[in-house]
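Reading through the structure tokens given below for one structure.
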Amino acid sequence: MRTGGAHPGPHGAALITLLVFSLLFLAGSAFLSHRIFGEQPAAGRATDPGGGRKSLFLAVSRNPGFAFGFRNFLADMQWLEAVQVAGSMRMSEEDYDRLVLLVTSVNNFDPRFVVPYLLGGLVLGDSTRHVPEALKVLDRGARAFPLDWRFPFYIGYTRYFSLGDPEGGGRAIEWAARIPDRPSYFPFLASRMFSEGRKPETALAFLEETMKQETDPARREVLKRRLLEVVVERDIQILERAVDAYKLRFGGSPANLSDLVAAGLVRRIPKEPHGGRYLIDPGGGIRSDRVGQRLRVFRNR
């Protein structure tokens, strides 16, 4: 019988097959990695978190099998970028849009990564347009970590300060109060929020207690900024009431704030917490020279 060239045995054929599949796997991984890294800058240009063109990172995160075992690595990459975006003192609307994509991708890749839920929810809540996204992030965290009281607590924070909804905030704090090992003052805080909502004094008590519990520096910084805004609102309301009393007594607005002290209506002019000054307009309105817009949560509807 005539024989041809040597043929690979069963083991050789298996080795060749394995080699071919390995090469295909590496080629596919390289192509996908190239597409992902090339798409990363485009994530920052997304303007509609709810629709339109999405980041490829986000698309891959929704099908983690396509990450080829690099889920934690990709989550860490997205998280490092999210921290840079959230750390900006003056975030634009595009920055908030970008943060939505980044935080969502991180928690798709790694649902047990607790920090992005908390920081992402807090920072997004500072943007009026992104409050629904903030609540989605925090609610997702609450479902992933049902025994972590911080999630319903920050949902209450966001509902109170970003939506001006003390009732919804109180319900969330009540939810947090039912979780074991939560701070003991939660039931009191929930009842106070229900009965005294939309008052700066209530908000300051809330923030001061929250900052005592918060250990993460980034989240503490977010809370500190909000606390200073509430201090400004409290001071403005005190001075506004004094101006109204001055008008009743003297028939006109004071020429300057020192007139309120001279009339015995305030003991002293409050110190503006950002290092600025409180000013009085010709019509008697009060404003800070450092804060351009007052917190709407305390304004009459």
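The values are calculated or read from the model by the stated rules, or taken from the named source; none is laboratory data. From a predicted model like this one, the values you see are computed outputs, not experimental measurements. Cβ sites come from the backbone with ideal geometry, for glycine too, and all protein chains shown count toward neighbours.
Quick check on residue 275: is it within 30 Å of residue 121 (Cβ to Cβ) and not in a helix (DSSP H, G or I)? Yes; evaluated as a whole, the condition is true for this residue.
Results for (1) of a type in the set (A, V, I, L, M); (2) in the same structural domain as residue 109 (by TED's automatic domain parsing), shown as yes or no for each residue.
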site: 132; (1), (2): no, yes
site: 154; (1), (2): no, no
site: 162; (1), (2): no, no
site: 180; (1), (2): no, no
site: 183; (1), (2): no, no
site: 189; (1), (2): yes, no
site: 194; (1), (2): no, no
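Restricting the stretch 169-224 to residues that are acidic (Asp, Glu) and more than 15 Å from residue 148 (Cβ to Cβ), the residue that is nearest to the chain's Cα centre (by Cα) is 221.
Every residue, every condition in (1) in contact with a Lys or Arg (Cβ under 9 Å, 6 or more places away or on another chain); (2) of a type in the set (Val, Ile, Thr); (3) within 30 Å of residue 116 (Cα to Cα), yes or no:
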| residue | (1), (2), (3) |
| --- | --- |
| 217 | no, no, yes |
| 240 | no, no, no |
| 243 | no, yes, no |
| 246 | no, no, no |
| 250 | no, no, no |
| 253 | yes, no, no |
| 258 | no, no, no |
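For beta carbons closer than 7 Å, sequence separation of 6+ or different chains, a first residue in the stretch 60-86 that is outside the structural domain of residue 120 (by TED's automatic domain parsing) and a second that is at pLDDT 70 or above and in a loop (DSSP other than H, G, I, E, B), there are no qualifying pairs. Note on the stretch 185-195: among residues that are surrounded by fewer than 24 Cβ atoms within 10 Å (Cβ to Cβ) and in contact with a Gly (Cβ under 7 Å, 6 or more places away or on another chain), the one that is modelled with the lowest pLDDT is 194. The condition of being crowded, with 18+ Cβ neighbours inside 10 Å and under 21 Å from residue 159 (Cβ atoms) holds for only one of 226, 220, 294, that being 226.
None of 182, 171, 198 is in a loop (DSSP other than H, G, I, E, B), surrounded by 17 or more Cβ atoms within 10 Å (Cβ to Cβ) and either free of Cβ contacts under 8 Å to residues at least 12 places away in the same chain or out of contact with any Leu (no Cβ under 8 Å at 6 or more places or on another chain) (or both) except 182.
Scanning the stretch 88-117 for residues that are surrounded by fewer than 22 Cβ atoms within 10 Å (Cβ to Cβ) and under 17 Å from residue 214 (Cα atoms) yields a total of 2.
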